[in-house]
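The values are calculated or read from the model by the stated rules, or taken from the named source; none is laboratory data. Remember, predicted model here, so these are calculated numbers, not experimental data. Reconstructed Cβ throughout: ideal geometry from the backbone, glycine too, with neighbour counts over all protein chains shown. Side chains are part of the model used for accessible areas, which takes the heavy atoms of the whole protein and leaves out ligands, DNA and RNA. Shrake-Rupley method; radii C 1.70, N 1.55, O 1.52, S 1.80 Å.
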Amino acid sequence: MKRNSLSSFYVSLWLLFTAVILQAVDSAKGKYAHMLFNELFEDYSNALRPVEDTDKVLNVTLQITLSQIKDMDERNQILSAYLWIRQSWYDAYLKWDKDKYDGLDSIRIPSNLVWRPDIVLYNKADDDFSEPVNTNVVLRYDGKITWDAPAITKSSCVVDVSYFPFDSQQCNLTFGSWTYNGNQVDIINSLDSGDLSDFIEDVEWEIHGMPAVKNVITYGCCSEPYPDVTFTLILKRKSSFYIFNLLLPCILISFLAPLGFYLPADSGEKVSLGVTVLLALTVFQLMVAEIMPPSENVPLIGKYYIATMTMITASTALTIIIMNLHHCGSEAKPVPQWARVIILDYMSKIFFVYDVGENCTSPKREKQEEHKLEGDDGCQRRQKEVRSPLSNRKDDCDLKEKFNGNLSKSYGGHGENVRETVNCCSCYKMLIKNIEYIANCVRDHKANRAKGIEWKKVAKVMDRFFMWIFFIMVFFMSVLIIGKAA
């Protein structure tokens with residue numbers, strides 16, 4: 001027990017002694033830091049370039065860390081990004097011997113106390129011309145100054161929306177000195193690309209790289225070279241949101257357009273369906289137009305909308321023409337021979353179009369045989385019905401003639417009986433003519449009705465033909481736009 005208590009006492013005493021020593025060291029370092037700061041900035045000026053020889057170039061190392069993409073405004077072509085900008089250079093007037101200051105090798109001071117390079121974003125698109133954030137700089141004993149400053153930049157970016165929503169964008173961030181030329185301040189990029197290690201993943205864009213390139217440009221106003229470092233931000237749009245909210249509804253709506261040909265002509269809704277689909281696509285087209293910039297490059301989804309709207313307009317116009325064929329009555333001309341052969345004979349079999357009144361579940365041949373048998377039986381019955389009264393009347397006439405002849409032989413009244421017989425036969429002949437007239441009228445009515453049925457079948461075959469044509473067009477258009485995504 002005594003040994004444990006003594007050991008704990010010694011440990012506590014040693015920790016207390018260590019804390020006192022560290023506090024004394026810190027207080028000593030703080031005293032040396034104040035002494036160093038007063039000596040360094042006694043005759044220092046931050047207005048002039050810190051070089052001993054004015055003809056010497058001051059090298060500034062630049063490094064950009066992309067933290068977050070705040071917004072990509074395609075319509076105004078502005079990229080908003082959150083950056084960490086690190087600049088480092090050597091100040092010839094801010095050096096000291098660290099051994100004289102108890103090994104103090106670095107201090108942190110406000111950035112406005114030292115000279116800073118006026119490196120700005122050339123393609124800035126912000127209305128606020130505020131100064132950089134006055135964060136502290138790290139000053140080392142050898143004169144190296146490191147300045148880390150956060151910045152929210154708004155830069156102009158040329159947006160190409162030709163393949164929207166499957167597009168990739170390249171936005172440049174060009175940094176350079178505003179007043180110093182390349183003979184005074186030279187910019188060196190510390191890395192071959194921007195730092196993306198601390199990037200926060202964006203919901204709309206994927207980062208595929210941020211290469212850095214140094215450029216030396218001689219402007220027309222000046223003969224001196226002006227160096228700059230351009231960071232190219234390569235972005236790939238995540239298209240899932242636009243697929244489910246803009247593209248997929250358009251594809252589903254476009255597949256409704258060919259179904260207008262399948263709708264029965266007597267329903268009266270064929271044209272209204274096409275107009276409704278056209279209006280729905282117009283709404284989606286306006287939504288895309290509000291997002292995209294007003295440029296000559298029409299986006300891919302806009303081209304798909306325009307092609308679909310053109311197709312629906314054509315289908316509505318064809319529907320109106322086919323409805324006119326459907327409602328051709330008995331006053332119309334007969335179906336031409338070429339149309340009867342091509343449309344009624346061949347195309348109707350290809351597209352499985354049955355006659356009016358036929359059912360697709362019953363075979364066509366059986367229906368034709370049934371109609372044929374029914375027609376033969378009906379004709380035979382009608383002939384029997386017509387012939388039976390005529391034969392009966394003819395038999396009556398013969399009986400009357402025989403009866404009148406017997407009476408004339410018996411009683412000698414031949415003249416009056418012959419006259420009555422002639423009158424009776426003439427009445428029967430008039431009746432036969434009337435019946436034949438009625439039969440001709442019925443026959444003409446059936447022929448006209450058959451003519452209208454043929455035109456209806458022609459319209460039905462054309463409906464099926466255009467339905468499959470437009471289905472194929474919509475399918476290939478959808479495959480084409482999905483292929484662009486891949």
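General observations
- Residue satisfying all of: in the range 165-193; among the small types (Gly, Ala, Ser) and not in a loop (DSSP other than H, G, I, E, B); farthest from the chain's Cα centre (by Cα) among these: 177
- Among the residues here, residue 78 does not qualify as open to solvent by 10 Å² or more (accessible area, probe 1.4 Å), touching a helix residue (DSSP H, G or I) at 6+ places or on another chain (Cβ under 8 Å) and among the β-branched types (Val, Ile, Thr).
- Selection of the range 81-94 for residues being more than 15 Å from residue 137 (Cβ to Cβ) and either touching a helix residue (DSSP H, G or I) at 6+ places or on another chain (Cβ under 8 Å) or free of Cβ contacts under 8 Å to residues at least 60 places away in the same chain (or both) yields only 92.
- Of everything in the range 313-352 that is assigned to a loop (DSSP other than H, G, I, E, B) and open to solvent by 50 Å² or more (accessible area, probe 1.4 Å), the residue that is nearest to residue 276 (Cα to Cα) is 327.
- Residue within the range 241-248 that is closer than 30 Å to residue 124 by Cα and in contact (Cβ under 8 Å) with a residue 12 or more places away in the chain present: yes
- Odd one out for residue 104, checked against (1) over 19 Å from residue 39 (Cβ atoms); (2) part of a loop (DSSP other than H, G, I, E, B); (3) not charged (D, E, K, R): (1)
- Filtered by the rule that a residue be open to solvent by 70 Å² or more (accessible area, probe 1.4 Å) and either in contact (Cβ under 8 Å) with a residue 12 or more places away in the chain or more than 30 Å from residue 180 (Cα to Cα) (or both), the range 198-239 gives 198, 200, 201, 203, 206, 208, 213, 214, 216.
- The set of residues in the range 136-164 being over 30 Å from residue 34 (Cβ atoms) and either among the acidic types (Asp, Glu) or more than 42 Å from the chain's Cα centre (by Cα) (or both) consists of 160 alone.
- Matching residues, the range 134-164, being of a type outside the set (A, V, I, L, M) and in a loop (DSSP other than H, G, I, E, B): 134, 135, 141, 142, 143, 157, 160, 162, 163, 164
- Given (1) among the aromatic types (Phe, Trp, Tyr); (2) within 30 Å of residue 33 (Cα to Cα); (3) at pLDDT below 90, number of the condition residue 84 does not satisfy: (3)
- Number of residues in the range 193-227 that are closer than 17 Å to residue 62 by Cβ, among the β-branched types (Val, Ile, Thr) and either in contact with a Ser or Thr (Cβ under 9 Å, 6 or more places away or on another chain) or at pLDDT 90 or above (or both): the value is 2.
- Restricting 62, 40 to those that are assigned by the TED database to the domain that holds residue 191 and at pLDDT below 90 reduces the list to 40.
- Comparison of 186, 192, 127 shows that the only residue that is touching a residue at least 12 places away in the same chain (Cβ under 8 Å), farther than 18 Å from residue 84 by Cβ and open to solvent by 20 Å² or more (accessible area, probe 1.4 Å) is 186.
- Residue that is within 17 Å of residue 187 (Cβ to Cβ), modelled with pLDDT of 90 or more, open to solvent by less than 70 Å² (accessible area, probe 1.4 Å) and outside any strand (DSSP E or B), where the choices are 115, 96: 115
- Filter pass, residue 174 being touching an Asp or Glu at 6+ places or on another chain (Cβ under 8 Å), free of Cβ contacts under 8 Å to residues at least 60 places away in the same chain and of a type in the set (Ser, Thr, Tyr): yes
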